Structure formats: structure tokens, C-alpha cells
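Quick one: the structure is below, and I'll ask about it shortly.
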Ligand SMILES: [Ca+2]
């Protein structure tokens, strides 16, 4: 017997043929198509529109849509038994999250330290699998650690649905709170290092790829770090990237430590990486791979310095924009989920249709599981659903084996609501989404603080050597007591005078050449310059130069840079000048 849903309500804006060709991750494109079709499908208007008019943010709207149109279907067809658990308010309300994945010693923890410019409590760095836990790094006024079991009962955190992964996993899961400007707008998930070939026999005691998949579905960005120096495609690495399937749009691959190999070797490694990614993802060319050296240690080989710096700037811009794109990401994920729910509903109701009421149920169940691929293609044709919306067949067969097959039949009313969500409700949110973006401030749209501060300044603006003329010769030597840099000043003075200062000052260009010799990335040097040029005249005098030298040493020792120059680091002569700063300005 056929379903009772009328053709009208089932209509999907993308024809079946198009669907086969359109790659699934390109949801933004399909969203555009949705808004086109909403014009054509006016007869479907206004049934769910009422609730949407009462909401004021995209987030609230998504929550309402989920609860009213998706959740009932998920419950009705046991969606959580097969795919993922139902969503809660915290899943919609949380800050954008970044999942950082990588083999051991690919520089995961160092990368996070680079983003935060500080260590997080409990992080350890080393070649051995030191980071053996999943750690959610989140903002908090006071530093602290919450352990896994406690996290699964906290309704404010989006981790409650992790409890089915078991105690072994929960013992390896924690949340770290710390006051950090970057964390005010994003959260970061650090993960255990993916095991290398040699360690593959080590068992984790929980389903690592499944946990990775859960996180991949819930985060905004997945950063997969690979080591250019020793790229190794282990079994667990393959399984992990397999688990990311369906979330390719969130994935950014970073080929880290690229400064440790020469250009020729780098090309070889890049090729090998693309080849192995290509085996897993059908469209590896849409994946963005960043090549670079994402840590603030000096570069080993500087041949590709410029490339690395551009890549770093690109990646940071991508991360910085996460808050801006967060609403769109949630919307995309909801669309993705809704399409899976719809496919699931049709599969389950097809199975129900085939099942006999009383006799030979076990045999029929086995037959149906065996025939699942045929049921898939029949359902796709019958309901005009894209094959890309369907869950992985093998996995579905596995889950069906352990199910009692007490399914429910087709419920046209519920499915009509879902179609409405996909066809019109989402499209109606687009103006609100644009409006929200226009009204938001930079602080809300962009990640602030840490390496996201205006880093390219002074002589380190790419391709813009600093030219600043005009100086007021005198450099007043005042008492230097209480300046921590005093003891190192003679060392820096020697370099300073060797660089032949003009009227007691060094120009940006001269200092730049010297600073570049430290091989620190330009973004870091740019910030050091900004901090060191206390009087902002585009030049460094001997004290400012010593300060720059001191900051470089601090950075090379692996510490973060201060956001603003702390009082004790301000050169003594500038302390006075700061007090009478306005007078000086007028004289200039
Ligand atoms: Ca200066």
C-alpha cells in the first residue's frame, strides 16, 4: 500500500537526478535552492509560521523548529537507537567549538597553546601519547577541571549525551575552565593522539571513532593536524578520518611542521596526504589543506616562509570568523539532520510494511536486513530522496540486527511537518540570519584576543616595509631602577649600536631584518614590535630595542605575549613620558 502523503507535500526542490550529482556537504547551495523554491511552494506556507514569528533569534527559531517538527519524528522512529541522540538546548546555545585531531606529536597541544597563548591546566606535551584524554577547553572566570561523569549531568554543557560511550571513555573525558580572551568566543576540544602504526595494538577500551564522530557532528570546525616531517597513515588514522565523513564541510587539514622538510619533500608529503584523504572522502579537492608551521618556535627551513605565513593568516581568519558563521553552521547541521531523519523514517516505515504480523518474523527480519540495499534504492525512487541523505548501509544493517523490529508505520502528518521545515521554514530564516549579522558587533562576530589581536603591524605588514621619517634626536638616559630588562640591556645595546642607529634610534626596516633572523613568524614579530615601540614613533630607541629583544626571548622560551605592555616592562624614560604624554604630542 502506498503512503498517504500527497505528491504536493513530498516535493523536494532538487530533482532526483540533480541530487545524485550534488555533493552533500554543499549545503549552502542547497539552502539557496530552498529559498528559490519557497516562492514556488506557496501553498505550503504558514502552518509552522506562527511559532517562528514569535522568536527573535535564529538560534531560538532552530530550537523551536527542532522541538516541534524534528524531535517528534525522531522519537516516533527510534532515531537515537540508530544514529545520534536527540538534541538539547545546550547543543544550540553553546559557543562555537573546534575539535583538534591529530596523531601523537603532530603538535596538537602546541597548536592549542599557540591559539590560547597559554598552557591549559593538565596539558602535557610529548612524543608519547601524553594527551590520552578528550579535553573540552572552555571559558571560566576561575581555573578548574570538571571530570567526565560530572559533565554528563550538567545541563548547561553540551556533553550530556556522551554518557552512552561508557565509563572508560568518561574517565578519559574532562572539561577545563580558564579565563582566556580567546575562549570567550570559542571552545576547543583537545583529543587523544591518534595511534601510529606501531601502537595500533593498544586498545582504548571505548569506541574512539564513534566518539570522534559524535564530536564531529557537534562542533563548528574540525582541525586535523598532520606531521609533514613524518606523515604516517595508520589504521586508527584511517578509521578516524572515516568517522569524519559527512562533516567534510567543517574539516580543515593542517600539514604542520612543514618547515622541517625542504620544498621537494614537502610536495611529496602533500601528495601522499591528498591521496589518502582521497580514499576516504569522495571529493578531496574541496578539502582545504593548510601548509605551515603552526607554533611559535623558530622555523627550521625558511624557504617557504612567505607561504607558511599566508597559510597561517588564512587559517586564523577562518577560525576568527567562527562566531560569525556559527548560526549558519547550526542551521546547516539541522538541515543535514532533518534530511537524515526523513530518510530514516522512510526506511523504517518500509521495513514495517514488509514485516508479517505473526509468522516467520525472524526469517523475514534476516531477509530484510540482507535486502537493505534494495530497500534503500526502492525508497529513494519512491519518495524522491537523494541517496546522499541515506545513512551508511552496512552500519544500518548492523544496528538492525540487534533491534526487535517493532517498528511504526508511515505517519504522513509528521513527515509533512518535516518537509515543511526543509522546504519553507529554513528558507524563511535567511533574512533573520542576515539581519543578525548586520546588527552584531565585531566582538560578537570575531574571536578576540591572543593571536587574533591585530598582529600585522609596524614593519611586519606583509609587503609594506615601514617607512617613517622624522625623529626627535634626544634619548634621555634616566634612572633605570626597577626595570627587569636592565640587567640584559648591555647585551642588547651591543646589537643595537652594531645596527648603526640614526640619532639614537633604529628604523623599522633595520630592526625588521634583525628580528627576522630569529625566525619567529612575522605575526609574532609584529606583535612584539607593537609592544616594544612604546611611543609609537615607528622607531626603536635603545630601551625599546632591549624590550623587543626581551620579548623575543620570552617568546622563544615558549611563553605567550602580553596583550598590553605591563607597567613593569615599560622603559623608565617612557614611564615619565607617558604621564606627560599630551605635552609631548603638542610639541611634535
Ligand atoms: Ca619608538
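What follows draws every value from the coordinates through simple rules; no lab data is involved. Everything numeric in this text was worked out from a predicted model, so none of it was measured. Every residue, glycine as well, gets a Cβ built from its backbone with ideal geometry; the counts of neighbours run over all protein chains shown.
Measure off 7 Å from each Cα along the Cα-to-Cβ vector at residue 235 and residue 93, then give the distance between these two points in nanometres to one decimal.
4.3
Can you put 226, 175, 104 in order of Cβ neighbours within 10 angstrom, beginning with the fewest?
Neighbour counts put them in this order, fewest first: 104, 175, 226.
Next question, about the same structure. What distance in nm lies between label points placed 7 Å from Cα along the C-beta direction at residue 317 and residue 371?
For residue 317 paired with residue 371, the spin-label model returns 5.5 nm.
A further question on this structure: Residue separation times 0.36 nm, minus the C-alpha to C-alpha distance between residue 440 and residue 147: what's the value?
102.0 nm
Can you pull the one-decimal nm distance between simple spin-label points at residue 210 and residue 279, each 7 Å off the Cα toward Cβ?
In this crude label model, residue 210 to residue 279 measures out at 2.5 nm.
Based only on other Cβ atoms within 10 Å, what is the fewest-to-most ordering of 568, 139?
Listing 568, 139 from fewest to most nearby Cβ atoms yields 568, 139.
What's the FRET efficiency of residue 401 with residue 567 using the Cβ-Cβ distance as r and R₀ = 60 Å, to the nearest 0.05?
The value I calculate is 0.30.
Evaluate E = 1/(1 + (r/R0)^6) for residue 265 and residue 495, where r is the Cβ-Cβ distance and R0 equals 45 Å; express this FRET efficiency to the nearest 0.05.
Working from the Cβ atoms, E equals 0.85.
Could you list 539, 516, 138, 401 in order of exposure, starting from the residue whose Cβ has the fewest other Cβ atoms within 10 Å?
401, 516, 138, 539
Grab every C-alpha pair in the range 95-320, bin the distances at 5 angstrom width from 0 up to the longest one, and report whole percents.
1, 6, 15, 20, 21, 18, 11, 6, 2, 1, 0
For an R0 of 60 angstrom, estimate the FRET efficiency from the Cβ-Cβ distance between residue 156 and residue 354 and round to the nearest 0.05.
Once the sixth-power term is evaluated, E becomes 0.85.
Now for a separate question. Could you work out the relative contact order of the range 95-320? I mean the mean sequence separation of Cα pairs under 8 Å and 6+ apart, divided by the number of residues, in percent.
That works out to 23 percent.
Figure the gain on full extension for residue 556 and residue 197 (residue separation times 0.36 nm, minus the Cα-Cα span) and round it to one decimal in nm.
In short, 126.0 nm is gained.
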